[in-house]
1. Within region 121-137, restricting attention to residues that are within 21 Å of the chain's Cα centre (by Cα) and of a type outside the set (G, A, S), which residue is farthest from G155 (Cα to Cα)?
2. Applying the selection to region 141-166, what residues are of a type in the set (A, V, I, L, M, F, W, C), in a helix (DSSP H, G or I) and farther than 27 Å from I207 by Cβ?
3. Go through region 172-206 and count every residue that is surrounded by fewer than 16 Cβ atoms within 10 Å (Cβ to Cβ), part of a loop (DSSP other than H, G, I, E, B) and touching a residue at least 24 places away in the same chain (Cβ under 8 Å).
4. Any chance region 28-42 includes a residue that's modelled with pLDDT of 85 or more and either over 18 Å from the mean Cα position of the chain (by Cα) or not in a loop (DSSP other than H, G, I, E, B) (or both)?
5. Could we say that V169 is part of a loop (DSSP other than H, G, I, E, B) and hydrophobic (A, V, I, L, M, F, W, C) here?
6. Those residues that are among the small types (G, A, S) and either surrounded by fewer than 15 Cβ atoms within 10 Å (Cβ to Cβ) or in a helix (DSSP H, G or I) (or both), I need them from region 107-140; list them, please.
7. Do any residues in region 37-48 that are among the aliphatic types (A, V, I, L, M) have Cβ atoms under 7 Å from those of residues that are surrounded by fewer than 19 Cβ atoms within 10 Å (Cβ to Cβ) and not in a loop (DSSP other than H, G, I, E, B), where the two are at least six apart or on different chains, and which pairs are they?
8. Has region 161-169 got at least one residue that is surrounded by 14 or more Cβ atoms within 10 Å (Cβ to Cβ) and either under 16 Å from the mean Cα position of the chain (by Cα) or on the phi > 0 side of the Ramachandran plot (or both)?
Amino acid sequence: MSENQDEIAVDGKQIEPEKKVYFMLNKPRGVVTTVSDEKGRDTVYVTLNSSSGGGANRSRQALPWVAPVGRLDKASEGLLLLTNDSEWAARIAAPETHLDKTYHVQVGAVAGDQFIDTLVQGVKTKDGEVLRVKQARRLRAGQKNCWLEIVLDEGKNRQIRRMLEALGVDVLRLIRVAIGPLELGSLAKGEHRALAIDDKRMLDRAIGKQTS
């Protein structure tokens, strides 16, 4: 999806406004959410460069400049928004917006009801901070591990990993599957697409922003 700003003229000459563009990416594991990395690791821009962009063979240079909205750490996967609309991005990422982020997390333990209740009630991390999740439930379980659905509405740095580490539980996979009402859906790993108009409107409503 793209949006235009108001028209601007300088000395009677109209300046073309930068189009506001909004993308969603299914971030694969192993890339970092930065523009560049001092350790030389692959970033999400490598993924954009090789992504077909929903069917069209588009290079990174064919896209306008976009920046990630928030972060997913290197080992995490799933839904990541990218845009050149810095004001909108700040609203999406701001803790005070309380926009739900939903994750599917595979852990190296079989989580019972008490464990799930503990995540909601609060966990004291190794650095002394008490962190809570908004919601948690068990999706499915095997003999030695299980999948949880965890919803955050604040999103502190590496919150889920820090909480589970404090409880002595290994994180095997961590996938963000939704941001507010926007779901990752069937978007293939490593692929990106522009947000549809309805996608953007849903997110705008979720953060209390008026949209046309």
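The values are calculated or read from the model by the stated rules, or taken from the named source; none is laboratory data. The model shown is predicted, which means the values in this text are computed figures rather than measured ones. Quick reminder, even Gly has a Cβ in these numbers, built from the backbone with ideal geometry, and neighbours come from all protein chains shown.
1. Quick first cut of region 121-137, residues within 21 Å of the chain's Cα centre (by Cα) only: 131-137.
This time we only want the ones that are of a type outside the set (G, A, S), so: 131-135, 137.
On the way: L131: 10, R132: 10, V133: 9, K134: 10, Q135: 13, R137: 18 Å.
Step by step, filter region 121-137, then rank; the result is R137.
2. Those that are of a type in the set (A, V, I, L, M, F, W, C), in a helix (DSSP H, G or I) and farther than 27 Å from I207 by Cβ: L164, A166.
3. Final tally of qualifying residues: 4.
4. Yes - at least one qualifying residue is present in region 28-42.
5. Yes.
6. G108, G112, G122, G128
7. Short answer, once both residue conditions are applied: L48/R60.
8. Scanning region 161-169 turns up at least one residue that is surrounded by 14 or more Cβ atoms within 10 Å (Cβ to Cβ) and either under 16 Å from the mean Cα position of the chain (by Cα) or on the phi > 0 side of the Ramachandran plot (or both).
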